[in-house]
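Undergrad: The structure that follows is given in the form of structure tokens.
What follows is calculated from the coordinates using simple rules that are stated; it is not laboratory data. Source: prediction; values computed, not measured. A quick note on method: Cβ atoms are made from the backbone with ideal geometry, for glycine too, and the neighbour counts reach across all protein chains shown.
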Amino acid sequence: MPIDFYTSPCTKAGANCHLPDVVCSASTNNSRFGICDDESHLRRPAKLKTSDESTWDLTVENRNNNQVLFKAIDFCVDVYRANVYDLDDDNRLPDLFSILDASLNSHGLIKRCEGFLVFNDSILFFEIKTGKTRSWLKDAREKLEETILSFQFAHPNHNANLLKPIISNKNRITHQNEAIQKRILKDKIGLEFILNHTISI
């Protein structure tokens, strides 16, 4: 069966989810909170934070105090391609994308975004970047593309609940290829992304 993005923990012995200081799922109804990805260099997942605002990479304004579920994906949920999906092939067909919940006979791990938020039946995926290289936006879009295609494959009944995903880069708020990358993502998953490091839900 396809992986369950909501409940799937790390499955490898000694993996991140088994570490006492790693929380791959959390919830809050704070009116303001953040997502921090400061340990990605240690191959650890992003985390929800309600304090130390200077460390937040993505700020969430939750003015109605919605109950929000945070679920990490990158470095937390292993998702494997069941077939070849070539991000460099401009003619790739998202209808042919599929995943496995184990590495057996797979074509490797997908590119995974940081995670997603769930509130009021809405689902918001996000990717965090901190670099300034020319390719950071393309890489972020690719991660959203494969992660959301995987989610759509695993949870087809939730497709209508998906919001435009967020790409956050506090060091850059514009990119010369933004329009192109938005168009590619909409062509593949049906949604453009929003480029901002602060969002209101």
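Undergrad: Along the charge dipole of region 116-186, Cβ charges K/R +1 and D/E -1, which of T174, V118, F151 sits furthest on the positive end?
TA: With unit charges placed on the Cβ atoms, the residue in question is T174.
Undergrad: Rounded to the nearest 20 debye, what is the charge dipole size of the chain about its Cα centre when +1 sits on each Lys and Arg Cβ and -1 on each Asp and Glu Cβ?
TA: 360 debye
Undergrad: Now for a different question. Under a crude label model (7 Å from the Cα following the beta-carbon direction), how far is D4 from N120 in nanometres?
TA: Rounded to a tenth, the inter-label distance reads 2.7 nm.
Undergrad: Let me ask something else about it. Which ³J(HN,Hα) values, rounded to whole Hz and listed in residue order, are derived for region 78-83 from phi using the Karplus coefficients 6.51, -1.76 and 1.60 in 6.51 cos²θ - 1.76 cosθ + 1.60 with θ = phi - 60°, glycine and proline given as x?
TA: Residue by residue, region 78-83 yields 7, 10, 10, 5, 8, 8 Hz.
Undergrad: Continuing with this model, one more query. Given the options N29, N83, N64, state which has the largest fluctuation in a GNM of the chain using a 10 Å cut-off (strictly under) for Cα springs.
TA: Maximum fluctuation in the GNM of the chain, among the listed residues, is at N64.
Undergrad: Amide H to amide H, which residues 5 or more places from S27 or on other chains are under 5 Å from it, using H placed in the peptide plane?
TA: Amide H neighbours of S27: F70.
Undergrad: Let me ask you something else. For a Förster distance of 22 Å, can you work out the FRET efficiency between the beta-carbons of K138 and S98, rounded to the nearest 0.05?
TA: So, using R0 = 22 Å, E works out to roughly 0.40.
Undergrad: Okay, moving on. Calculate for the chain the 222 nm mean residue ellipticity that helices alone would give, adding -39,500 (n - 2.57) per DSSP H run of length 4 or more and normalising by residue count, nearest 500 deg cm²/dmol.
TA: -5000 deg cm²/dmol
Undergrad: Work out, step by step, the length gained on full extension between K186 and D88: first 0.36 nm times the residue separation, then minus their alpha carbon distance; give nm to one decimal. Write out the running numbers ahead of the final one.
TA: Values: separation 98, 0.36 × 98 = 35.28 nm, distance 1.64 nm.
Extending this stretch completely gives an extra 33.6 nm.
Undergrad: Taking amide H positions as placed in the peptide plane 1.01 Å from N, state which residues far from I167 in sequence (5 or more) or on other chains have amide H under 5 Å from it.
TA: Close amide H contacts, sequence-distant or interchain: E127, I194, L195, N196.
Undergrad: So how far apart, in nm, are the two label points at S27 and K170 if each is 7 Å from Cα heading toward Cβ?
TA: Output for this residue pair reads 2.8 nm.
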